[in-house]
Each structure stands twice: as C-alpha cells, then as structure tokens.
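Colleague: Structure provided below as structure tokens; questions to follow.
The values are calculated or read from the model by the stated rules, or taken from the named source; none is laboratory data. Because the structure is a prediction, the values reported are computed rather than measured. Cβ placement follows ideal geometry from the backbone for every residue including glycine, while neighbour counts extend to all protein chains displayed.
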Amino acid sequence: MAEVPVVIVVIRVIFELLWGLVLMNYETMKAIYVWFMPPEPKDVADDIILITGAGHGMGREVAQRFGRLGATVVCVDINLDSCQETAAMIKQEKGKAFSYTCDVTDRAAVFKLAEQVQREVGDVTILMNNAGIMPCKSFLRQTEKEIRMMMDINVNGVIWTMQAFLPSMLESNKGHFVTMSSMAGMMGLRNVVPYCGSKFAVRGIMEGLEAELHEDPRNYNGIKFTTIYPTMVNTGLCKRPNIRFKSLTNMVEADYAADKIVDAIRRQYREITIPSDLYYLNRFVFRVLPYKAAIIIGDFLATGLDPHD
Ligand SMILES: NC(=O)c1ccc[n+]([C@@H]2O[C@H](COP(=O)([O-])OP(=O)(O)OC[C@H]3O[C@@H](n4cnc5c(N)ncnc54)[C@H](O)[C@@H]3O)[C@@H](O)[C@H]2O)c1
C-alpha cells in the first residue's frame with residue numbers, strides 16, 4: 001500500500017485540530033445557552049423507570065413522582081414489604097407500578113430480575129441506581145465486613161444493574177442511566193472515608209461507560225447519563241450531621257431532593273448537585289484553588305458528619 005505523503009498527513013491533522021476548535025466553541029456556546037434556557041422537561045408517560053432502593057427515602061419519593069407523571073415504575077428493593085408499599089402508594093394515586101425484591105449485590109439475581117422485568121413489564125428505558133448504605137465512623141473503626149458490604153451495594157450493585165440493563169438499551173439505542181453519587185463523591189469528608197471512595201467510584205463508572213459508548217462506531221447517542229450529587233438529605237441515612245451555618249449548607253428534605261432529581265432526569269442533565277450552588281462551590285473553589293487555600297473555606301464552613309456510634 002502506498003504511503004500517504006507527510007504533507008497530506010500534516011494538513012489532515014491541522015484541519016482536524018481547527019475543526020475540533022470550531023466544534024468545541026459550538027458546544028461551549030450551546031452549554032451556555034442551555035444554562036440560560038434549559039430544555040423543557042420531557043414527557044415520561046412512555047417510559048419504564050426501574051429504581052433500586054425504591055422502598056425508602058429518595059428512591060420512594062422519586063418513584064412516587066414518576067408514578068404521578070404517568071411513567072411505569074418498577075420498584076426494586078432488598079426489603080420486599082417497603083418496596084410493595086411504594087408500589088401500592090403509586091397505584092393508589094392511579095399510577096402504574098410493579099415491585100420486585102432483589103439484592104443488588106447478587107449479580108445472578110440482578111440478571112434474573114432484568115429478564116423478569118423485560119418479560120413482565122417491558123424494556124426499561126430509565127435505570128436509577130439509588131440503593132446505597134453509608135457506615136459513618138472514623139476510618140480505622142470501619143470494619144472489613146461493613147466496608148465490603150458497602151462497596152458491594154454502592155459500587156458493584158451499580159455495575160451489575162448497568163450490565164444487566166444495557167443490552168436492551170443498546171438494541172434500541174434508547175435509554176437513560178441515573179446514578180446516585182453524593183457530595184462525598186466530589187470531595188473527601190471525615191467519618192465516611194470508604195463511602196467517599198464508593199461515591200467517587202460510581203462517578204467514574206458513569207463517565208467510563210459514557211466514554212465507551214461515545215467512542216463506539218455504532219453511535220449510541222440515544223443513551224443518556226445523569227449523575228446526582230446530593231448534600232445531606234433527611235432520610236435517616238445521615239444520622240448526625242454537624243453543620244456550622246445552617247442557612248448555607250443545611251441538610252435538605254427528601255421531597256426537595258426528589259423534585260430536583262426528577263427534573264434533572266426529565267431534562268436529561270448530565271450531572272447535578274443538590275442544592276445546585278454546591279456545583280460551583282466544588283468546581284471553582286475545591287478544584288481550582290490550591291488544596292490548602294480551598295481547605296480554609298472548608299474549615300470555615302465546617303460541615304460534616306459525626307460518627308453514628
Ligand atoms: N441521604 C443522604 O444524605 C444522601 C446524600 C447523598 C447521596 N445519597 C445516596 O442516595 C441514595 C439513596 O439514599 P437514601 O438516603 O434515600 O437511602 P435510604 O436509606 O433512605 O434508602 C435506601 C434504600 O436502599 C435499599 N437497599 C439497601 N441495600 C440494598 C440492596 N443490597 N439491594 C437493594 N436495595 C437495597 C434499602 O432497603 C432502602 O430502601 C444512596 O445511594 C445514598 O448513598 C444519600
């Protein structure tokens with residue numbers, strides 16, 4: 001095969017670079033426009049949304065909201081009673097809901113669930129990875145059992161469900177992965193060191209799969225990703241918040257968080273923090289300033305978690 005002359009290669013690279021710059025500017029302008037003029041929330045009446053950990057807290061609140069919006073809600077939890085209760089609440093409001101018990105740490109059970117849901121309900125179009133636990137105590141006091149279990153639920157559970165539900169999304173080039181990270185997935189916090197690791201990990205898993213699909217020549221642009229980074233939410237998971245300025249960095253209620261999550265899913269935002277101003281605090285203070293400068297602001301705000309026992 002004849003070699004391409006060097007001059008042609010150079011021209012091609014320069015053209016690629018210039019075209020890349022044009023596209024980068026276009027995408028930046030588009031992002032600024034969307035910031036001022038957000039897209040309309042999409043209609044979810046034809047969606048089938050599966051929520052893990054739907055039996056309590058934000059999972060239940062989000063499930064109820066999607067039920068009211070006319071979506072078919074598949075509630076999944078390790079706790080059958082609370083999961084059935086959420087489904088019953090949705091049905092009571094004339095919504096469409098199904099409930100399944102599943103431990104997300106059990107890969108085989110997750111794959112069986114995916115098969116059963118496809119048969120009995122249909123193709124899941126939105127998968128919300130919400131189940132999670134948070135042991136809260138100083139690093140050396142966290143036991144091996146607690147850490148392994150937490151990683152299994154918070155990290156491996158996310159991988160198993162995504163592996164189980166991705167194939168049908170790929171087939172139709174339509175789907176939406178939503179994963180609950182945390183502010184602890186954006187910055188390190190005392191007393192929840194392994195939990196921080198798990199929430200940083202899910203951020204990486206979401207970005208990694210997004211990159212893999214983006215680079216796939218089959219052009220899977222119909223599959224969306226939303227990662228949620230809430231501050232402390234009053235669900236019982238954070239038992240002992242320690243907050244200096246309650247008006248600035250207080251815990252938020254689960255219904256407030258659920259409204260924001262549903263809105264982000266319907267507008268297909270790539271990531272949100274709850275509340276939204278923490279996004280800028282994290283991006284421009286904790287990631288731009290030198291660490292020792294940012295930590296002064298962190299010390300001043302003095303927001304964190306005290307050990308649960
Ligand atoms: N509450 C907060 O302050 C807060 C803040 C940031 C992020 N988050 C994250 O948001 C998500 C929801 O938090 P929440 O406060 O609503 O939780 P929650 O404790 O109120 O509810 C969690 C649900 O997950 C279920 N679950 C636990 N282990 C499971 C398993 N192995 N398989 C299936 N289901 C399982 C539980 O039964 C429960 O119904 C979690 O991933 C959490 O880490 C919570």
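Colleague: Would you confirm whether or not the range 247-266 contains a residue that is in contact with a Leu (Cβ under 9 Å, 6 or more places away or on another chain) and closer than 26 Å to Lys42 by Cα?
Modeller: At the first step, the residues of the range 247-266 found to be in contact with a Leu (Cβ under 9 Å, 6 or more places away or on another chain) are 248-249, 262, 266.
Filter once more, so that each one left must be closer than 26 Å to Lys42 by Cα: 262, 266.
Looking through the range 247-266, at least one residue is in contact with a Leu (Cβ under 9 Å, 6 or more places away or on another chain) and closer than 26 Å to Lys42 by Cα.
Colleague: Another question, if that's okay. Take the residues of the range 135-165 that are in a loop (DSSP other than H, G, I, E, B) and among the polar types (S, T, N, Q): which is farthest from the ligand (Cβ to nearest atom)?
Modeller: We begin by selecting, within the range 135-165, every residue in a loop (DSSP other than H, G, I, E, B); these are 135-138, 142-143.
Next cut, among the polar types (S, T, N, Q) only: 138, 142-143.
Details: Ser138: 19, Gln142: 15, Thr143: 17 Å.
Checked the range 135-165; the qualifying residue farthest from the ligand (Cβ to nearest atom) is Ser138.
Colleague: What's the total number of residues in the range 158-190 that are surrounded by fewer than 22 Cβ atoms within 10 Å (Cβ to Cβ) and within 22 Å of Arg287 (Cα to Cα)?
Modeller: 5
Colleague: Here's something else I'd like to know. Of Ala87, Ala54, Ala97, which residue is out of contact with any Lys or Arg (no Cβ under 8 Å at 6 or more places or on another chain), within 20 Å of Gln116 (Cβ to Cβ), among the aliphatic types (A, V, I, L, M) and within 16 Å of the ligand (Cβ to nearest atom)?
Modeller: Values: Ala54 fails: out of contact with any Lys or Arg (no Cβ under 8 Å at 6 or more places or on another chain); Ala97 fails: out of contact with any Lys or Arg (no Cβ under 8 Å at 6 or more places or on another chain).
Going through Ala87, Ala54, Ala97 in turn, the sole match is Ala87.
Colleague: While we're here: For the range 33-45: of the residues being loosely packed, with under 10 Cβ neighbours inside 10 Å and without any contact (Cβ under 8 Å) to a residue 60 or more places away in the chain, which is farthest from Val124 (Cα to Cα)? Please lay out each step first, then the result.
Modeller: Initial filter on the range 33-45 (loosely packed, with under 10 Cβ neighbours inside 10 Å): 35-37, 40.
With the extra rule that they be without any contact (Cβ under 8 Å) to a residue 60 or more places away in the chain, the set shrinks to 35-37.
Values: Trp35: 29, Phe36: 31, Met37: 29 Å.
Restricting to residues being loosely packed, with under 10 Cβ neighbours inside 10 Å and without any contact (Cβ under 8 Å) to a residue 60 or more places away in the chain, the top hit is Phe36.
Colleague: Mind listing just one residue for me: the one in the range 68-84 that is polar (S, T, N, Q) and in contact with a strand residue (DSSP E or B) (Cβ under 7 Å, 6 or more places away or on another chain) and, of those, farthest from the ligand (Cβ to nearest atom)? Please lay out each step first, then the result.
Modeller: In the first step, residues of the range 68-84 are kept if they are polar (S, T, N, Q); the result is 72, 79, 82, 84.
Next cut, in contact with a strand residue (DSSP E or B) (Cβ under 7 Å, 6 or more places away or on another chain) only: 72, 84.
On the way: Thr72: 20, Gln84: 12 Å.
Among those residues, the one meeting the criterion is Thr72.
Colleague: A follow-up question, please. Yes or no: Thr52 within 30 Å of Met134 (Cβ to Cβ), among the polar types (S, T, N, Q) and either touching a residue at least 40 places away in the same chain (Cβ under 8 Å) or surrounded by 10 or more Cβ atoms within 10 Å (Cβ to Cβ) (or both)? It would help to see each step written out before you state the result.
Modeller: Working: within 30 Å of Met134 (Cβ to Cβ): yes; among the polar types (S, T, N, Q): yes; either touching a residue at least 40 places away in the same chain (Cβ under 8 Å) or surrounded by 10 or more Cβ atoms within 10 Å (Cβ to Cβ) (or both): yes.
Taking the combined requirement at face value, the residue satisfies it.
Colleague: How many of the residues in the range 100-130 are among the aliphatic types (A, V, I, L, M), more than 14 Å from the ligand (Cβ to nearest atom) and in contact with a Gly (Cβ under 8 Å, 6 or more places away or on another chain)?
Modeller: 2
Conditions (1) modelled with pLDDT of 85 or more; (2) more than 17 Å from the chain's Cα centre (by Cα); (3) not charged (D, E, K, R), marked per residue:
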{"position": "Phe225", "(1), (2), (3)": "yes, no, yes"}
{"position": "Ile228", "(1), (2), (3)": "yes, no, yes"}
{"position": "Arg240", "(1), (2), (3)": "yes, yes, no"}
{"position": "Lys260", "(1), (2), (3)": "yes, no, no"}
{"position": "Arg270", "(1), (2), (3)": "yes, no, no"}
{"position": "Leu278", "(1), (2), (3)": "yes, no, yes"}
{"position": "Phe286", "(1), (2), (3)": "no, yes, yes"}
{"position": "Asp299", "(1), (2), (3)": "yes, yes, no"}
